[in-house]
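Report on the following structure.
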Amino acid sequence: MSKSNTISPRETAASRNFGTMLKELDWRRYVIYLGFVVVFLFFAILLRDQGFLSPNNLLNIFRQTATITVMAVGMTYVIACAEIDLSVGSVAGLSSVCTAMALSQWGLVPGILAGLAVGLVVGSVNGALVSLLGIPSFLVTLGMLGIAVGVAQWITASAPQPILNDTFNMLFGSGNFGPVPGLIVWSAIFVAIGAVVLNRTRFGRQVLATGGNRNAAEFTGINTKRIKFQVLLISGMAASVAGMLYAGRLQSGRFQWGAGDELSAIAAVILGGTSLFGGFGSVIGTLFGALLIGLINNGLILAGLDSSQQQVVRGAIIILAVALARKK
Amino acid sequence: MNTSDNVVEMHSISKGFNGVSVLKDVSFDVRKGEVHALAGGNGAGKSTLMKILQGVYQADEGEILIGGQPVAIKSIQDAKAAGIGMVFQEFSLVPSLTVAQNIFLASEPLSAGGLIDDRAAVRRAKEIFADMEVNVDPRAEVSRLGTAYWQLTEIAKALSQDAQVLIMDEPTASLARHESEALFELIDRLKQRGISIIYISHRMDEVYRLADRITILRDGRRLLTDALTDVTPGQIVEGIVGKKIEGQMAYRARDHVAHDGPPLLEVHGLNAGRRVRDVSFALRPGEILGLAGLMGSGRTELARVLFGIDRLDSGEVLIRGKKTNLASPQQAIDAGVALIPEDRRAQGLILDHSVRDNLLLPLLGQLRRGPLLDSAKGKELSSSLIKKFAVKVAHPHRPVRLLSGGNQQKVVIAKWLGTDPDILILDEPTAGVDIGTKSEILDMIRELANAGKAVIVISSEYPELLAVSDRVLVLKDGTVIRDIPRSDIADEEYLQLAVQGV
């Protein structure tokens, strides 16, 4: 069938010119890229004397964003599936202390396994409660936020757990892989796998279908309960890796690591164009959403704002961006 | 009967829910390449029977044969594997995915690496649409398409799974006439390819246009199965309603229109958006004005402007001779306008709330006692509305979603009449409502006009428009092209020609 006799439904008698194509483009989904460029240029000009554009500063932005990016990739699946995971920040904290404690007791591999086990357990519990008992994920993960941070504080008696294992620190955040900082490699791996799985596998398609219209997905033969379980498991696992990246970068495990990160991760996902109502998700958009938040943080520090002012400006920018990207 | 011709046979199916029998000993069969209409009033058991065939429910008794072989259909997957496809009344696509992605959802073509091959999906979707002889862009995102395309996508989805039988439930409910005609032609082509269609519809003309045979259910029992050539429309209606309701769709001349007084509503040179262009008309107390036009002719948009939902760009609206600013629904309500919207489930009702709460929602202002609501007065008011409009409800506390479509519609109408509006706009008031309730709603409209209210009725069903309207405005591309007194309209055909602009 030739292109010319395929009529796309919005095409009317008028010929399809560039203007109508532009009008049809769902720019809300791509507003993140525009916003990223605008904010970048803004800081580049405003802060040119403060070293914003120096390679070191730019690398720093990537490094500081890595943990949020890793969590946000998992969160993209959850939100695209029309659920939410508020527990990621405290799961990261719990994972960092479990890793640190297991490392000092039993060594490298048990340490890593302990961190992953945190994500596996918390993610499974979240997923099971949401999919089997039908409790809204908002409530389940809100409760889990408290439980995870409480456990992390309890088992450490609020004390930081230093990590003296150099291999671990090098692998998870402090070191470089060749010329590239490890944190950037970790982000890249998560984003690449996350993007391919969401866009090009049956699992990813079923996540989008479940989020877009659960009844339709169910009628098509998709086990939507299993999908909901799996996305929360993925999010928990991603958060536990983020916790290990905190531990490696800061060479310690501490219950505060990751505190409040759930908001940044959710903001990154929404800024990236993933629909809060489910059905559409973009991992690449999420990456840029996370980078934009990192960019804003960095710029505001360089501009000399103190942390209270930073929070106000950051909050305002996020609301503005989401307002621009919202559903009509 | 030659059994081998039957693609589907359902023998002596019985089904009950919580001890209430819904289907009693119903047998139903579909021949290869036939269109078999399934009719019956609300609650007759049509949807239960079809859900058993689709694997949503399991029959308590009876057996199902597909292609002569007994099969157990325990899930939707079993039904699909057996070649049963469905085109849902309430569409079941994922709006955020493309047409091709929806067609192959959960059976995506994979490339060698195990990843989804979207290009192959698009190619195969194109082939399916080419076979169907329709033009749909497989790359278009479903949410951006009109309902007609959704339906085509659903049909393509079923065909991609080698469906031998398609179940279509009120497929034209949301289509304009030319889209329906295109669908009918598609059904004819599918028939020629040997695909059987079970066609559920309230619309008699469609049933006659398409179906080879008809089965009528009443109260969970099969009333008849016969070739359409042997059944008269009167018999079908009688079968569905259970009593002869001759002439209920006929126009009854009413002399309540106040011709001498000033018009209640005057619209001069109204423009709004792209769909309302230079519309002028007047409406008198006691008059029922029908709005006819194809889907997209601007009927609904005109109603939205008059109810203050959409802003008007230019022109003026006079109510009782006074220029009125309709910038919000609240202003419209204050000016005495009420709109009963097209999609009652989405726009007219809060489905999980009780019948009473829904009825009282527009009236909360009248029920205040100090800062609180006067619940005794509310109870009294809602009970009187329920009685007045004969809403069949066990208790006003019951959620609205438990009511039948017809009774839900009565609640929507009653809800707005509680505000005692002078001008009432009804958009598709009887869509998806069974014939018995339909005539009750039409009677309700007539009574309201007799009581001196001005009524605007928007409907795609011409018999219904002709039954109630004193005057019909024909809209095309947002403009009034004809303003015809009812007495000048000889029959439905005349009106159809007017709407087509011939």
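The values are calculated or read from the model by the stated rules, or taken from the named source; none is laboratory data. Please read these numbers as outputs of a predicted model, since none were measured by experiment. With ideal geometry, Cβ positions are generated from the backbone for all residues, glycine too; neighbour counts draw on all protein chains shown.
For every residue, the table says whether it meets (1) among the aliphatic types (A, V, I, L, M); (2) at pLDDT 90 or above; (3) in contact with a Pro (Cβ under 9 Å, 6 or more places away or on another chain).
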| site | (1), (2), (3) |
| --- | --- |
| B:THR48 | no, no, no |
| B:ILE52 | yes, yes, no |
| B:VAL56 | yes, no, no |
| B:ILE64 | yes, yes, yes |
| B:ILE76 | yes, no, no |
| B:LYS80 | no, no, no |
| B:GLY83 | no, yes, no |
| B:LEU97 | yes, yes, no |
| B:ALA100 | yes, yes, yes |
Check whether at least one residue in segment B:417-428 is modelled with pLDDT under 90, surrounded by 19 or more Cβ atoms within 10 Å (Cβ to Cβ) and within 21 Å of B:HIS353 (Cβ to Cβ), and report yes or no.
yes
Which residues, taken from segment A:273-317, are more than 21 Å from the chain's Cα centre (by Cα) and within 14 Å of chain B (Cβ to nearest Cβ)?
none
Of A:GLY123, A:GLY150, the only residue that is in a helix (DSSP H, G or I), at pLDDT 95 or above and over 20 Å from the mean Cα position of the chain (by Cα) is A:GLY150
Could you list all residues from segment A:208-230 that are within 22 Å of the chain's Cα centre (by Cα), at the interface with chain B (Cβ under 7 Å from one of its Cβ atoms) and of a type outside the set (A, V, I, L, M, F, W, C)?
A:GLY212
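Take the conditions crowded, with 22+ Cβ neighbours inside 10 Å, touching a strand residue (DSSP E or B) at 6+ places or on another chain (Cβ under 8 Å) and either outside the structural domain of B:GLY67 (by TED's automatic domain parsing) or among the acidic types (Asp, Glu) (or both) and apply them to B:GLU154. Does it pass?
Numbers: crowded, with 22+ Cβ neighbours inside 10 Å: yes; touching a strand residue (DSSP E or B) at 6+ places or on another chain (Cβ under 8 Å): yes; either outside the structural domain of B:GLY67 (by TED's automatic domain parsing) or among the acidic types (Asp, Glu) (or both): yes.
Yes: the conditions hold for B:GLU154.
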Can you confirm whether B:VAL480 is among the β-branched types (Val, Ile, Thr), crowded, with 17+ Cβ neighbours inside 10 Å and within 11 Å of B:ALA292 (Cβ to Cβ)?
yes
Confirm whether B:ALA81 is within 14 Å of B:GLN164 (Cβ to Cβ), without any contact (Cβ under 8 Å) to a residue 40 or more places away in the chain and surrounded by fewer than 18 Cβ atoms within 10 Å (Cβ to Cβ).
yes
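Yes/no per residue for (1) in contact with a strand residue (DSSP E or B) (Cβ under 7 Å, 6 or more places away or on another chain); (2) at pLDDT 90 or above:
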residue	(1), (2)
B:ILE240	yes, no
B:LEU265	yes, yes
B:ARG275	no, no
B:VAL279	yes, yes
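Residue by residue, here is whether (1) more than 23 Å from B:VAL455 (Cβ to Cβ); (2) of a type in the set (Lys, Arg) holds:
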{"position": "B:LYS379", "(1), (2)": "yes, yes"}
{"position": "B:VAL391", "(1), (2)": "no, no"}
{"position": "B:PRO396", "(1), (2)": "yes, no"}
{"position": "B:PRO399", "(1), (2)": "yes, no"}
{"position": "B:ASN407", "(1), (2)": "no, no"}
{"position": "B:TRP416", "(1), (2)": "no, no"}
{"position": "B:PRO421", "(1), (2)": "no, no"}
